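Worksheet: one structure, shown below.
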Amino acid sequence: LTCHNQNSFVPANGFNHDNTNYKLIGTHNNLECNSCHPIENRNGTTFQKFAGIAFENCTSCHKDVHNNKFGNDCLKCHNEISFSQIKNLNTFNHENTNFPLLGKHVYIDCKECHKGSYTQPIKHNLCSNCHSDFHEKQFIKNNTSPDCSECHTVETFSPSFYTIEKHNLSGFKLDGSHLATPCFVCHKKEDKWNFANLGTRCVDCHENIHKNYMDEKYIPDANCKDCHSNSIWTEITFDHKRTNFQLLGKHKNISCRDCHFKQNEEGITVQQFKMKIEGCENCHADIHYKQFEIESENKCEKCHSFTNWDAEKFNHNNALFKLDGKHSGLDCIECHKPTDNLIENYIVYKFEDISCASCHY
């Protein structure tokens, strides 16, 4: 009669579980007795077991879904009211899980990752399990994008630890000045990062400053490397023999800019690769003021060489006035004197009168 009454033997309305060694709390109050007290068949007779039920730990009845990673005391995190209500979250040690919190993850609110119940398992093998592909499949290979961890860390997303060695395995090897170029210079020309289909030609990143100034046969496909190097832009390896003007003498030692970059009348430096005429006057002024001009053209090389400016090739015997006798030892200045014109002061080499009386009085 402590448990049952004479009207109905089942259920045992008089039984008070609080008098046992296991007091029912929370949802345990709503359980059917046979949930914990199994009904057995003993010698052909139905028998319900009440004594000898293990209850020292929750795992006596419940499966440990954490496989003992957090010990067998479930009450450290859970309660009998609701299994999904987690307590002591501030002291929860995430390092005991398969995903220790490192770097920026330490400061993330739990609900950022655990959208539903804290006890619901979530995928965490790849960064993409939680994070979207920021690069929008630009690195996809065989229909698979590499994981973020191949280039980034959880400590800081930028800078990337994508190495130069890895970059050199791509379609564009870094050398020369490109080694010192920050990633964003090439890969973030606008608001978004771009790593796919950048192109490998110089003009894909650099402006072709010689366009419309130089004949395309000297820069086929706008390839700057035909003349320039990746190390120092001013190092020019162009073979001038490809043109109609071979560099000889002192021309070998001057820079390209000396001839091919000129100031116009407005004082603006402009390029000049297509010469109007193939003559010295493209670069040098006619200091003789057309005295030796033949058919509107000067042939400076008839008298001068590219080694020095002396008229070492000039032969006075081929002139109208042959030097002989006392004349052969005279300095040029004895006969060829400068004009007294303040605007055009030059040495006179051609005379209208070559008679003796023109020099001797």
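What to note about this one:
- Search result, residues across region 180-198 that are exposed (fewer than 12 other Cβ atoms within 10 Å of the Cβ) and not polar (S, T, N, Q): Ala180, Pro182, Phe184, Val185, Glu190, Asp191, Lys192, Ala196
- The residues listed here are Asn93, Asn43; of these, the one that is out of contact with any strand residue (DSSP E or B) (no Cβ under 8 Å at 6 or more places or on another chain), of a type in the set (S, T, N, Q) and closer than 28 Å to His124 by Cβ is Asn93.
- Residues that are among the small types (Gly, Ala, Ser), open to solvent by less than 100 Å² (accessible area, probe 1.4 Å), modelled with pLDDT under 90 and part of a helix (DSSP H, G or I) are absent from region 199-221.
- Selected residue (only one of Asn264, Asn244, Asn315 is at pLDDT below 90, polar (S, T, N, Q) and open to solvent by less than 100 Å² (accessible area, probe 1.4 Å)): Asn264
- Lys290 being at pLDDT below 90, open to solvent by 100 Å² or more (accessible area, probe 1.4 Å), closer than 30 Å to Ile343 by Cα and of a type in the set (D, E, K, R): no
- All of Phe83, Phe70 fail the test of being open to solvent by 60 Å² or more (accessible area, probe 1.4 Å), part of a loop (DSSP other than H, G, I, E, B) and of a type in the set (A, V, I, L, M, F, W, C), apart from Phe83.
- Any pair with Cβ under 6 angstrom, 6 or more apart, that starts in region 20-43 at a residue that is closer than 20 Å to Glu56 by Cβ and ends at one that is of a type outside the set (Phe, Trp, Tyr): Leu24/His17; Ile25/Glu80; Gly26/Glu80; Gly26/Ile81; His28/Glu80; His37/Gln48; His37/Lys49; Pro38/Lys49
- Scanning region 14-54 for residues that are surrounded by 11 or more Cβ atoms within 10 Å (Cβ to Cβ) and of a type in the set (S, T, N, Q) gives Asn16, Thr20, Thr27.
- Breaking point among (1) within 23 Å of Glu344 (Cβ to Cβ); (2) touching a residue at least 40 places away in the same chain (Cβ under 8 Å), for Cys280: (2)
- Test: residue in region 89-96 that is in contact with a Leu (Cβ under 6 Å, 6 or more places away or on another chain), closer than 30 Å to His152 by Cβ and either at pLDDT 85 or above or open to solvent by 80 Å² or more (accessible area, probe 1.4 Å) (or both): yes
- Verdict on Ser229 being surrounded by 14 or more Cβ atoms within 10 Å (Cβ to Cβ), of a type in the set (Gly, Ala, Ser) and assigned to a loop (DSSP other than H, G, I, E, B): yes
- Qualifying residue in region 233-240 (condition: closer than 19 Å to Ile209 by Cα, surrounded by 13 or more Cβ atoms within 10 Å (Cβ to Cβ) and in contact with an Asp or Glu (Cβ under 9 Å, 6 or more places away or on another chain)): yes
- Subset of region 135-179 that is of a type in the set (Asp, Glu) and free of Cβ contacts under 8 Å to residues at least 24 places away in the same chain - its residue that is surrounded by the fewest Cβ atoms within 10 Å (Cβ to Cβ): Glu165
- Ala196 fulfils the conditions (1) in contact with a helix residue (DSSP H, G or I) (Cβ under 6 Å, 6 or more places away or on another chain); (2) more than 30 Å from Leu101 (Cα to Cα) except for a single criterion, (1).
- Within region 267-284, being surrounded by 13 or more Cβ atoms within 10 Å (Cβ to Cβ) and out of contact with any His (no Cβ under 9 Å at 6 or more places or on another chain) holds for Met275, Gly279, Glu281, Asn282, Cys283.
- Only listed residue being among the hydrophobic types (A, V, I, L, M, F, W, C), in contact with a helix residue (DSSP H, G or I) (Cβ under 8 Å, 6 or more places away or on another chain) and closer than 24 Å to Thr153 by Cβ, chosen from Cys130, Cys74, Cys113: Cys130
- Residue in region 293-320 that is farthest from Cys256 (Cα to Cα), counting only those that are part of a loop (DSSP other than H, G, I, E, B) and in contact with a helix residue (DSSP H, G or I) (Cβ under 8 Å, 6 or more places away or on another chain): Phe314
- Filter result for Pro159 (more than 30 Å from Glu235 (Cα to Cα) and not aliphatic (A, V, I, L, M)): yes
- Only listed residue being within 30 Å of Asn90 (Cβ to Cβ), outside any loop (DSSP other than H, G, I, E, B) and either among the hydrophobic types (A, V, I, L, M, F, W, C) or without any contact (Cβ under 8 Å) to a residue 60 or more places away in the chain (or both), chosen from Thr59, Thr46: Thr59
The values are calculated or read from the model by the stated rules, or taken from the named source; none is laboratory data. Just so it is clear, the structure is predicted and the values come from calculations on it, not from any experiment. So basically every Cβ, Gly included, is an ideal-geometry build from the backbone, and we count neighbours across all protein chains shown. The protein model used for the area step is the full one, side chains on, heavy atoms only, and it has no ligands, DNA or RNA in it. Shrake-Rupley method; radii C 1.70, N 1.55, O 1.52, S 1.80 Å.
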